[in-house]
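The numbers here are math on the coordinates, done by the rules we state, and not lab data. Only a predicted model underlies this, so the values are computations on that prediction, with no experimental measurement involved. A quick note on method: Cβ atoms are made from the backbone with ideal geometry, for glycine too, and the neighbour counts reach across all protein chains shown.
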Amino acid sequence: MLSTALDLAECRARGWVVVDSVVDGLAMGGTRMTEGVTERELARLARAMTHKLALVDLPIGGAKAGIAPDPGATVERRAVMRGFGRAAAPLLHGGVYLGCDQGTTYADRQLAFEAAGYDVTRRPGTTRLTVDWAELWDHMADITGFGVAVAVLGALRASGARTPQRVAIQGFGTVGRSVAAHLAAHGHRVVAVADVRGTVEDQRGLPVAELTALTSSDGTIDRSRLPGQVTVHGPGQAWLHVDADVLVLAASAAAVDEEAVPAVRARLVVEGGNMSCTAPARRLLREAGHTVLPDVVVNVGGAAATGCVLAGLAPSDLPLPRLSAWLRKWVSDRVARNCELVQELSASGSADPVAELLSSRGTPAGAAAPGAPAGW
């Protein structure tokens, strides 16, 4: 593992890039920007990215970047992203792709790339695109939530569910909104959604399209315009206590810890965010009879689609609609298969299904992927 501190002093911020592993000259991961992000947190996330990519058989290592603005600093966001791009330029040009994550957007990423003089589409071996990188990702913005929804739908089929299921979603950012839209389109009932201000609930089913229209880009819902029948809960964990069949965690890490486990009502718990459950909580949930779909299996859509293009696995020169369909099918097939394997291993009594899956792919759960240089 290699951690590089970035010089962002002129932007009144601190920054790091952590590379967990390199495979065939490539590593990749998102860039998160939060006041509390730490180098240690990034190391855990970079290791999780190694595992995600290994589980979908992509020949790419795991990485993660973080930007921590100084508390109280009033620095223009665009200046921060340009500073980050300039500082990270040697890594980007050296094969470490840094995309979006919590606190950053596709527009932020584009600013960083421009400042670095980096055009991913010109990297040798990358799938040749008929559109530019920004247009591709404007079209694929929902892909991570799409993968999470694929996991939910597959698990419900496996459970024999025949009627619309009640879904609670913690987090209504890009991923949470995408999950809600896809599940509602398949006839399921989104009964609760939580953001940083609390939880909104309607057991008859929330109007997903209307709710999305009332939500800002950072995932905060405008309570003043909600339909009258919606119940509004204040800050706290009301989402944890909602009557629901499915709980999708699409926000903060460790949202469900050991203390929270007894309050979980949903039989299916889906980690749509990074490290949404603590490891002990996952174990306790399984022991209590819940089905748990872990983050490294379901929260992989964006990384997998990006990786397909970076590694040249996606067909070149396809028009955008056909490339999008190809990437969605590729992501769907791998997420669905890995979820099936996790459920099979859990049913057979496995204490750690993900560790068994990683071992079957030659990547021990506590180690970087094969191909990482010595000393990283």
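Taking the charge dipole of segment 109-224 about its Cα centre, with +1 at Lys and Arg Cβ atoms and -1 at Asp and Glu Cβ atoms, the residue from Gly176, Ala149, Val200 reaching farthest to the positive side is Ala149.
Once you have the alpha carbon radius of gyration of segment 230-365, what is it after dividing by 2.2 N^0.38 Å, with N set to its residue count? It would help to have the intermediate numbers written out before the result.
Details: Rg = 17.2 Å, N = 136, 2.2 N^0.38 = 14.2 Å.
The reported ratio for this selection is 1.21.
Residues whose amide H lies under 5 Å from that of Val23, counting only those 5 or more places away or on a different chain, are Gly61; hydrogens are built 1.01 Å from N in the peptide plane.
Available extension along the chain between Arg283 and Thr163 is 40.4 nm, counting 0.36 nm per residue and deducting the alpha carbon span. What is the sum of charges around Gly15, taking Lys and Arg as +1, Asp and Glu as -1, for the other residues whose C-beta is under 15 Å from the C-beta of Gly15? Result for the neighbourhood of Gly15: +1.
Rounded to the nearest Hz, the phi-derived 3J(HN,Hα) couplings of segment 255-267 under the Karplus curve 6.51 cos²θ - 1.76 cosθ + 1.60 (θ = phi - 60°) are 4, 10, 10, 4, 5, 7, 3, x, 7, 5, 9, 5, 6, where x marks glycine and proline. Just checking the listed ones, Arg44, Arg77, Arg14: in the Gaussian network model of the chain with Cα springs under 10 Å, the one fluctuating most is Arg77. In order along segment 137-153, the Karplus-derived 3J(HN,Hα) couplings, from 6.51 cos²θ - 1.76 cosθ + 1.60 at θ = phi - 60°, round to 7, 4, 6, 9, 4, 8, 5, 5, x, 4, x, 5, 5, 4, 4, 4, 4 Hz, and Gly and Pro are given as x.
Kindly provide the helix-only [θ] at 222 nm of the chain, computed as the sum of -39,500 (n - 2.57) over DSSP H runs of four or more divided by all residues, to the nearest 500 deg cm²/dmol? Write out the running numbers ahead of the final one.
Working: 13 runs with 150 residues, N = 376.
About -12000 deg cm²/dmol.
Please list 234-243, 161-170 highest first by mean number of surrounding beta-carbon atoms within 10 Å per residue. Intermediate values should be presented prior to the final figure.
On the way: 234-243: 16.3, 161-170: 20.5.
Top of the packing list down: 161-170, 234-243.
Take the Cα of Thr105, step 7 Å toward its Cβ, do the same at Ala185, and the gap between the two points is 2.2 nm.
Measuring how big segment 135-183 is from its alpha-carbon positions, Rg and Dmax come out at 12.0, 39 Å.
Within segment 74-108, find all residues whose amide N lies under 14 Å from a label point positioned 7 Å from the Cα of Glu35 along Cα-to-beta-carbon. Inside the label zone: 74-75.
Backbone geometry of segment 96-112 corresponds, through the Karplus equation with coefficients 6.51, -1.76 and 1.60 at θ = phi - 60°, to 3J(HN,Hα) couplings of 9, 7, 10, x, 9, 7, 3, x, 10, 10, 4, 5, 4, 4, 5, 4, 5 Hz, x marking Gly and Pro.
Report the FRET efficiency, 1/(1 + (r/R0)^6), for Ala325 and Ser217, where r is their Cβ-Cβ distance and R0 is 22 Å, rounded to 0.05.
Details: r = 27 Å, r/R0 = 1.21.
Given R0 = 22 Å and the Cβ-Cβ separation, E is 0.25.
All Cα-Cα distances of segment 138-296, cut into 10 Å bins from zero to the largest, leave 12, 46, 35, 8, 0 percent in each bin in turn. Sequence-distant contacts, meaning Cα pairs under 8 Å at least 6 residues apart, place the relative contact order of segment 1-160 at 23 percent.
Between the beta carbons of Gln203 and Glu258, assuming R0 = 22 Å, the FRET efficiency works out to 0.20 to the nearest 0.05. By DSSP, the beta bridges lying fully in the chain are antiparallel in about 45 percent of cases. Mind giving me the nanometre distance, one decimal, between the label points for Asp57 and Asp243, set 7 Å out from Cα along Cα→Cβ? The answer from the label model is 4.4 nm.
Over the chain, what relative contact order in percent results from Cα pairs under 8 Å that are six or more residues apart?
Working: 756 pairs, mean separation 70.4, N = 376.
Relative CO of the chain lands at 19 percent.
Choose one answer from Arg86, Arg282, Arg40: the residue with the largest mean-square fluctuation in a GNM of the chain with alpha-carbon springs under 10 Å. For the chain, modelled as a Gaussian network with Cα springs under 10 Å, the answer is Arg40. Rounded to the nearest 20, the Cβ-based charge dipole of segment 186-326 about its Cα centre (Lys and Arg +1, Asp and Glu -1) stands at 220 debye. Rg of the Cα atoms in segment 86-218, relative to 2.2 N^0.38 Å, amounts to 1.30.
When each of the peptides 209-216, 336-343 is scored by how many other beta carbons lie within 10 Å of its residues on average, the order from highest to lowest is 336-343, 209-216.
Counting every Cα pair in the chain, what percent are over 25 Å apart? Before the final figure, lay out the partial values.
Numbers: 37886 of 70500 pairs.
When all Cα pairs of the chain are counted, 54 percent exceed 25 Å.
Counting Lys and Arg as +1 and Asp and Glu as -1, each charge on the Cβ, what is the dipole of the chain about the Cα centre in debye, to the nearest 20? Present the calculation step by step, with values, prior to reporting the outcome.
Numbers: 36 positive and 38 negative charges, 94 e Å.
Result for the chain is approximately 460 debye, rounded to the nearest 20.
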